[in-house]
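Below: the structure, in structure tokens.
The values are calculated or read from the model by the stated rules, or taken from the named source; none is laboratory data. Small disclaimer: the values here were computed from a predicted structure and weren't measured. Counting neighbours? That spans all protein chains shown, and the Cβs are built from the backbone with ideal geometry, glycine included. Ligands, DNA and RNA are excluded from the accessible area calculation, which covers all protein heavy atoms including side chains. Shrake-Rupley method; radii C 1.70, N 1.55, O 1.52, S 1.80 Å.
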Amino acid sequence: MKGHVVALSRRVVDALRDLAPIIGVIAFFQIVVLQQPFPNFGSVFVGLVCVVVGLTLFIQGLESGLFPLGETIAHAFARKGSVTALLAFAFCLGFGTTVAEPALIAIAAEAADVASEAGAIAADEAARGDYAFNLRMVVALSVGVAIVLGVLRIVKGWAIHRFIIGGYVLVTALTAFAPDEIVGVAYDAGGVATSTITVPLVTALGVGLASAIKGRNPMTDGFGLIAFACLNPMIFVLTFGLVA
């Protein structure tokens, strides 16, 4: 029990240290440059405390639960020896975690509102809901496919740079033909698809899989799945814009 308390206290200190630069920047510009007091200082302070506590619990949860879980599942699939089952799990993991990403839900809703205001879709709730849902599904599908490719790369030992270079060449080519309205959304989709839920589990899967497969190095082979998950949504959303 004492060890857990010490670890949690250390996490609080780490969270405060990590947040100190941005707090310092905001305080400097608010007080020195703008020369204005903080509006609703009490609410700001309570919010800051919530952020510190939330970040502390989040990091602790990752190290205590999600990372070990992802690595354990990867080891289990490696021992099972079924590549088909492993790839099916990789797709479901990528798809399921991306659908639940709060950042993706937010940007899909915002994109639907902007598309409605611009006249790209009908200005009603049903059209905006369909647009946001379709965008989320396209991004989730793309991340599922990306994790499958990333896992297959680890299993086969393929070089990652070929996929990444080829992928960005394809993104550049698609950007030249895709509608202007979808390009910005596509580029943002790669970032929001890899957020608080997706990154921990996918990273743990890659590292655990590389650790479990003979001849693979967790450092050189286990990482890189997130790069696939960032790249693929851009390709899929740009293609979605061309088709739809």
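State whether segment 80-198 is rounded, prolate or oblate according to the following rule on the C-alpha gyration tensor (a ≥ b ≥ c being the square roots of its eigenvalues): a/c under 1.5 gives rounded; otherwise a/b larger than b/c gives prolate, and the remaining case gives oblate. Verdict is oblate for segment 80-198.
Of the residues Ile213, Ala20, Thr172, the one whose Cα sits farthest toward the positive end of the charge dipole of the chain, with +1 on the Cβ of Lys and Arg and -1 on the Cβ of Asp and Glu, is Ile213. Applying both filters, DSSP loop and at most 15 other Cβ atoms within 10 Å, to the trypsin sites (Lys or Arg not before Pro) of segment 156-244 gives Lys214.
Ranking Thr98, Val243, Pro37 by Cα position along the charge dipole of the chain, where only Lys, Arg, Asp and Glu carry charges on their C-beta atoms, puts Thr98 farthest toward the positive end. What is segment 198-244 by shape, rounded, prolate or oblate, if you read a ≥ b ≥ c off the alpha carbon gyration tensor as root eigenvalues and call it rounded for a/c under 1.5, prolate for a/b larger than b/c, and oblate otherwise? It comes out prolate by the Cα gyration axes. Packing, taken as the mean count of other beta carbons within 10 Å per residue, orders the peptides 176-189, 28-41 from highest to lowest as 176-189, 28-41. For the chain, the Kirkwood estimate of the hydrodynamic radius, built from every pair of different alpha carbons, is 20.3 Å.
For segment 78-138, what % of the accessible area comes from carbon and sulfur atoms, probe 1.4 Å? In segment 78-138, the share of accessible area belonging to carbon and sulfur is 63 percent.
Structural size metrics of segment 176-229, computed from C-alpha coordinates, are Rg and Dmax of 15.2, 47 Å.
In square nanometres and to one decimal, what's the mean projected area of the convex hull around the Cα atoms of segment 1-63? With the hull built on Cα positions only, its mean projection is 4.9 nm². Structural size metrics of segment 1-115, computed from C-alpha coordinates, are Rg and Dmax of 20.8, 64 Å. Compactness of segment 46-92, taken as the C-alpha radius of gyration over 2.2 N^0.38 Å, stands at 1.71. Ordered from largest to smallest accessible area (heavy atoms of protein chains, 1.4 Å probe), the residues Val192, Val114 come out as Val114, Val192.
Segment 1-60 and segment 219-233 have Cα centres separated by 30 Å. Helices meeting the span-like rule in the chain (full DSSP H runs, Cα extent of at least 18 Å along the helix axis, mean Kyte-Doolittle score of 0.5 or higher): 2-28, 41-61, 83-99, 102-117, 125-156, 160-177, 180-192, 198-212, 225-243. Taking the inverse of the mean 1/r over every pair of distinct Cα atoms in segment 135-244 gives a Kirkwood hydrodynamic radius of 14.2 Å.
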